[in-house]
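Okay, so here's the structure we're looking at.
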Amino acid sequence: MILQPATGIFTFTWVLVALPLLGAFLILVFGKQLKKIAPYLAIALSSSSFVLGFIMFLQMRTRPAGERGFVSNVYQWISSGSLDVSFGLQLDQLSIAFVLLITFVGTMIHIYSLGYMEHDENRGRFFGYLNLFVAAMLLLVLADNYLLLYVGWEGVGLASYLLIGFWQNKHSAATAAKKAFVVNRVGDFGLSLAIMTMFLAFGSFSFSAVNAGMQNAQDWLALTIGLLLLLAAAGKSAQFPLQSWLLDAMEGPTPVSALIHAATMVTAGVYLIVRSASIFNASEAARNAVIIVGAISLIAGAIIGAAKEDIKKSLAGSTMSQIGFMILAAGLGPVGYVFAILHLITHGFFKAVMFLGAGSVMHATNDNVNMRRYGGLSKLMIFTFTTFMVGYLAIIGIPPFAGFYSKEYILEAAFSHSIWVGLIALFGAGLTAFYMTRMVIWTFLSPPRWEDGVHPHESPKSMTIPMIVLAIGAAVIGFALTYNHVFEEWLEPVTGFEKPNAPISVFALTILTLTVVAAGVIFAIYRYRTISPTTPQEVSFLTQAARKDLYGDVANETLLMRPGQKVTKGLVTFDEKAIDGTFLGVANMVWSASRLLRQTSTGYVRSYAAYIVGGTLLVMFLLLIARL
Amino acid sequence: MSPEAYLILSSIIFSIGAMGVMLRRNAIVAFMSIELMLNAANLALVSSSRTWGNLTGQVSAFFVMVIAACEVVIGLAIILTIFRSRRSASVDEPSLLRW
Amino acid sequence: MDFEPVMFWISGTFAVIGALGMVISKKAVHSALFLAFTMLNLAVLYAVQSAPFLAVAQVVVYTGAVMMLFLFVLMMVGVDSSDSLIEEIKGQRVLAILGGIGLIVFFIFLMGGSMYRTFVGVESVDATYGGNIQGLAALMFGKYVLIFEATAALLITAVLGAMILTHRERLTPKKSQGDMAKELFAKGDYRGPLPPPGVFARHNAVDTPALLPDGSIAKSSLPDAIVARGDVRSVDYDDMAEIQILSEGLGIVSDSETEDDK
């Protein structure tokens, strides 16, 4: 696809980023003065970004398919030797899909936060961070080169850190924020190495130059860059082996979990892989690595989600699992890119709905997150229940809800790649049905097991309306996007597309999937006829492992943290003995020398005059020598 | 006469001035020695002007005179101020700028 | 006959003598006079070297204004503030003399470029301007006018600086004579003249001796004849005590013992 210089409304692409950035600046700098209006300012700027994005989308639709990509060069960013990076924004079919998702879901969650954070003293700061996040995420998806993408990538990481640790007085939240930051750093390291490798190989960071360079690149180069990008994607998208931060990140406010840790930021890894399609197309091995990471995360996330009692952590496990789906789809190559993005968008809607529903439930039960103390909320919180059910049906893939379409296509693509990958994905779909049914039963349908003094009630309108809007999206968007293959045709110029060619017919596959899903649902209903309000201790090994995040943290601690601490201690000793010793020795030497030298500073003006004469004589002497 | 005679005279007077700065403790006399050095320089400028047949040397000497006048005014004012607070015009006494 | 070598040798020798005298002489006033002498001789050398304007300026500015300023400040500081001859800084005198000689030697060595030249002379240049002063003026107000303006600013700054440095703000009102008298008496020990003889006399008879303020007898107050006759009346020591009391009221100190008693 050929990108064109931006014309007309597309020259204002930078405004998309600038609006929420302005909001973040105003709110964070003039927070005290804007205390009252900060939330409304944030909502206004984020929604105006959406409106602008939507107008651009409509404009883009009027143009022929091959001419929908635009590049606008905002200014020359870095120019140094052969390094020449422009602050360029690229708006094409893939970017606009993300822009719409981010700004729409983002705005909805801004509105939801209005109710959710109503009683928080620092809500101005919260909205400032949300705007900062939206701006950084838009920069990430609009960048036309990897270096600028990296800026957005770090920006969302920063916003995520700030928002996870928003209640910084809570020790667990502060620790979780630090953990997210540190784990993300590993992934970011991968991305920076990938960018450096690109510069080394192609002398440029821009997507177009890298795409062109990949046409005749060595296989090992594509593999190296691909694996480094995969590491980056795994860090940001909480995929195996860098998954550990996502579950802890649930310490942040629920709207944050919905926006950043479900709908948008964690999917940046998928975006990165799809955007780097040319690299992954060039290396079969890199694609296989992506599939393996996706498959492991898909199953592991589902198992964790099935064992957690904390509703948000269970949803986080689900997020990890669903992103595993997307990564797996992206690893399938051109046959899966479009479906990865499709699932990303539908997931953005239904997972946001469910997170917001979880927040609503927590709001109703004095911020209790333990599902064992829920139950019977379906009658008391009718809007929350209904919208959550829409999200539920969408995620397990019941037609005609959104998840059905996207998941179905991924399964089809997976089966056409290999039967084993297809079976793993199918198993994942079954697990999804199981743990989501468990969540719905525990929260809404079983008899009440509330703690004393809890009086569940429906949430205010500012919270229910975004949930309803997002639920409508979760219900219809799958059908709307796949009807007549619009989405495939839309993205095809950017990512390329191959028709899946599964060994079994589409109809048979659909029946098979629905059967597996139904089995998962029925097993969950059978398994959770009664629910104990306390945690049973005598459970299977798998459950115990899943409760501990499948020993993810234990592995991190034994493999990385302890050896790291040992190395650090050794380095400290080395630093104190060898390096400090050297420097202190030098310092002592200088000190003694200066003690001798300061004798010359007598304070007598006449001595100084004598020094001047001495200096003059020396200069004259040197002049004489030079003349001789 | 040849130019070097004047230059040698000038350098002798200059060196005597330098010695005066180094030897005399009375601030006013030290200051006079500086004036003497400036005068020696002026003599060199005037004879150079004559050596090269160019009036710039004389103009420079004139400017040196003006600046020396300024310097005298400020220098004597400083000496007076120091004398007022310390009751002494010795350059050795305010030797506080030391280790 | 060329007049210049004569002038050079006379004035040059005088200038060096003056400079040495300035450095050597113990009293600052002598130094100032020696310096004035050197400067006058330098003025002569300027005049010889066809720089009449500078020669006059040298006399007027240096020997006139600058040296008078030096003398003025010397008088303010105190004429007798001569240097003590003991050198306090170890080795300074030797260093200074060696440094001075070294300077002369190196100057002469470095003069190579100017050696064995002859004077071109500024007369021809003067002629193009129509005279030495006209030539200097043309350069000063032409080529070097910016520098000239800068020196003007410098002079003004120097004047301001001198004013600020030497200015002392009067913080209290000036003392009048009355204030000073009050101050004198406020201390309590009166320092005025002692009372004259006879102030405390108890008798005006001729044979009664007058008493001095400290209580002793003023011999000259007795006529010789009465002394010879032995008719001198003895002093009543009760009166003496009375006088003592009276004199204490005025604060008279008659001797050290009574002062201690107070």
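Things to note:
This table checks each residue for (1) touching a Leu at 6+ places or on another chain (Cβ under 9 Å); (2) within 20 Å of B:GLY17 (Cβ to Cβ); (3) more than 9 Å from chain B (Cβ to nearest Cβ); (4) among the hydrophobic types (A, V, I, L, M, F, W, C).
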{"position": "C:LEU33", "(1), (2), (3), (4)": "yes, yes, yes, yes"}
{"position": "C:THR38", "(1), (2), (3), (4)": "yes, yes, no, no"}
{"position": "C:ASN41", "(1), (2), (3), (4)": "no, yes, yes, no"}
{"position": "C:LEU45", "(1), (2), (3), (4)": "yes, yes, no, yes"}
{"position": "C:SER50", "(1), (2), (3), (4)": "no, no, no, no"}
{"position": "C:LEU54", "(1), (2), (3), (4)": "yes, yes, no, yes"}
{"position": "C:GLN58", "(1), (2), (3), (4)": "yes, yes, no, no"}
{"position": "C:GLY64", "(1), (2), (3), (4)": "no, no, yes, no"}
{"position": "C:LEU69", "(1), (2), (3), (4)": "yes, yes, no, yes"}
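- The residues of the stretch B:37-50 that are open to solvent by 10 Å² or more (accessible area, probe 1.4 Å) and at the interface with chain C (Cβ under 7 Å from one of its Cβ atoms) amount to a single one, B:ARG50.
- Residue check, A:ALA249 under 30 Å from A:HIS171 (Cα atoms), in contact with a Pro (Cβ under 9 Å, 6 or more places away or on another chain) and either in a helix (DSSP H, G or I) or free of Cβ contacts under 8 Å to residues at least 12 places away in the same chain (or both): no
- When each of B:ILE16, B:ILE34 is tested for being in a helix (DSSP H, G or I), within 14 Å of chain A (Cβ to nearest Cβ) and surrounded by 24 or more Cβ atoms within 10 Å (Cβ to Cβ), the lone residue that passes is B:ILE16.
- Out of A:GLU489, A:GLU458, one residue alone is open to solvent by less than 60 Å² (accessible area, probe 1.4 Å) and over 24 Å from the mean Cα position of the chain (by Cα). It is A:GLU458.
Listed here are the residues, each with its yes/no results for (1) β-branched (Val, Ile, Thr); (2) surrounded by fewer than 24 Cβ atoms within 10 Å (Cβ to Cβ); (3) in a helix (DSSP H, G or I).
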position	(1), (2), (3)
A:VAL390	yes, no, yes
A:PHE404	no, no, yes
A:GLU408	no, yes, yes
A:THR432	yes, no, yes
A:ILE468	yes, yes, yes
A:ILE472	yes, yes, yes
A:GLY478	no, no, yes
A:THR482	yes, yes, yes
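- Per-region count, the stretch B:1-13, residues at the interface with chain C (Cβ under 7 Å from one of its Cβ atoms) and part of a helix (DSSP H, G or I): 9
- In the stretch A:189-222, the residues that are within 30 Å of A:GLU557 (Cα to Cα) and crowded, with 19+ Cβ neighbours inside 10 Å: A:GLY190, A:LEU191, A:ALA194, A:ILE195
- Residue check for A:GLN544: loosely packed, with under 10 Cβ neighbours inside 10 Å and among the polar types (S, T, N, Q): no
- The stretch A:12-37 residues that are on the phi < 0 side of the Ramachandran plot, paired with ones that are aliphatic (A, V, I, L, M) and open to solvent by 90 Å² or more (accessible area, probe 1.4 Å) (beta carbon under 9 Å, 6 or more apart): none
- Elements of type helices (runs of 4 or more DSSP H) contained in the stretch A:542-628, each with 2 or more residues being touching an Asp or Glu at 6+ places or on another chain (Cβ under 8 Å), more than 14 Å from every other protein chain (Cβ to nearest Cβ) and under 30 Å from C:GLY102 (Cβ atoms): none
- Check on A:ALA289, open to solvent by 10 Å² or more (accessible area, probe 1.4 Å) and in the same structural domain as A:LEU491 (by TED's automatic domain parsing): no
Every residue, every condition in (1) under 30 Å from A:GLU488 (Cβ atoms); (2) modelled with pLDDT under 85, yes or no:
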site	(1), (2)
A:ALA285	yes, no
A:ASN288	yes, no
A:ASP310	no, no
A:ALA330	yes, no
A:HIS347	yes, no
A:GLY357	no, no
A:VAL369	no, yes
A:ARG373	no, yes
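The values are calculated or read from the model by the stated rules, or taken from the named source; none is laboratory data. Note that the structure is a prediction, hence the values are computed from the model and not measured. Positions of Cβ are generated from backbone atoms using ideal geometry, with glycine treated the same way; all protein chains shown enter the neighbour counts. The protein model used for the area step is the full one, side chains on, heavy atoms only, and it has no ligands, DNA or RNA in it. Shrake-Rupley method; radii C 1.70, N 1.55, O 1.52, S 1.80 Å.
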